[in-house]
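Q: So that we are looking at the same thing, I have put the structure below in structure tokens.
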Amino acid sequence: MITLIKPSVQLEVEYLDFLTEWQQSGEAIVPSVVSKTFLPLADFLEAQQEEEQVAPKNWVTHSTYWLYDGQRIVGAVNFRHDLNDQLQQIGGHIGYGIRPSARQNGYATEGLRQALAVARERGLASVLITCSADNIASGRVILANGGQEIASYVKEDGGRVRRFIIPLGE
């Protein structure tokens, strides 16, 4: 069973293992806020708590969660409380990533489902979520959670970003 949990120093060993796997894969860590991790972990977590209340420059307030399967951290979710102009095009309200060895197990679909509950609890009527046009798996995860595709965004380099709205209902 996967659970969306707030980061905690009690899972520091598991978190460092999560980060190491991403780094060894050569892929960019997703969501990108996770790549900002610094040590000691307690200081990083304190900064994350502060960013839930006060937005860093050029950012919005946000909350970070870990996807935990009871033994290891299999992914991370970043929930942005509001959207700025950049997040309207690329990023949206929720970013998520699954560690390379844990993919294709339904963790992203379940993690996004639980993140939508967090957005609903915060009073949002809908969320915007984006993914790269070439990220077929992420597109499927968003669609599986009720995503309705809206106009794409084309980046300066020509790359296309798919954009989705997910109504949250009552």
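Q: Which residues' amide hydrogens lie under 5 Å from the amide hydrogen of residue 127, considering only partners 5 or more residues apart or on another chain, with H built in the peptide plane?
A: Long-range HN contacts for residue 127: 166, 168.
Q: Which net charge results for the neighbourhood of residue 86, defined as the other residues with beta-carbon distances under 14 angstrom from its beta-carbon, given Lys and Arg at +1 and Asp and Glu at -1?
A: +1
Q: Just check the chain against the gyration tensor rule for me: Cα atoms, a ≥ b ≥ c as the square roots of the eigenvalues, rounded for a/c under 1.5, and otherwise prolate or oblate depending on whether a/b exceeds b/c.
A: rounded
Q: For an R0 of 30 angstrom, estimate the FRET efficiency from the Cβ-Cβ distance between residue 125 and residue 43 and round to the nearest 0.05.
A: 0.25
Q: Let me ask you something else. Going by average Cβ density within 10 Å per residue, which order do the peptides 49-55, 123-129 take, highest to lowest?
A: Ranking the peptides 49-55, 123-129 by packing returns 123-129, 49-55.
Q: If amide H atoms are built 1.01 Å from N in the plane of the peptide, which residues on other chains or at least 5 residues away come under 5 Å of the amide H of residue 75?
A: 67, 99
Q: If R0 is 45 Å, what FRET efficiency do you get for residue 151 and residue 54 from their C-beta distance, rounded to 0.05?
A: Given R0 = 45 Å and the Cβ-Cβ separation, E is 0.90.
Q: Beta carbons within 10 angstrom, averaged per residue: use that to sort the peptides 5-18, 91-104, highest first.
A: Going by the mean number of other Cβ atoms within 10 Å, highest first, we get 91-104, 5-18.
Q: With the cut-off at 1.5 for a/c, could you classify region 42-103 from its C-alpha gyration tensor as rounded, prolate or oblate?
A: Oblate, because a/c is 1.5 or more while a/b does not exceed b/c.
Q: Rank by packing, highest mean first: peptides 66-76, 148-158, 80-90, with packing defined as the count of other Cβ atoms within 10 Å averaged across residues.
A: 66-76, 80-90, 148-158
Q: May I pose another question? Let me make sure I get this right: for region 85-126, a, b and c are the square roots of the gyration tensor eigenvalues over alpha carbons, sorted descending. Under 1.5 in a/c it's rounded, otherwise prolate if a/b > b/c, else oblate. Which is it? Write down the numbers at each step before the final one.
A: Values: a/c = 3.74, a/b = 1.45, b/c = 2.59.
In terms of gyration-tensor shape, oblate.
Where a number appears in this text, it was derived from the coordinates with a stated rule and is not lab data. Keep in mind it's a predicted model, so treat the numbers as computed, not measured. All Cβ positions, even for glycine, are placed from backbone atoms using ideal geometry, and neighbour counts span all protein chains on display.
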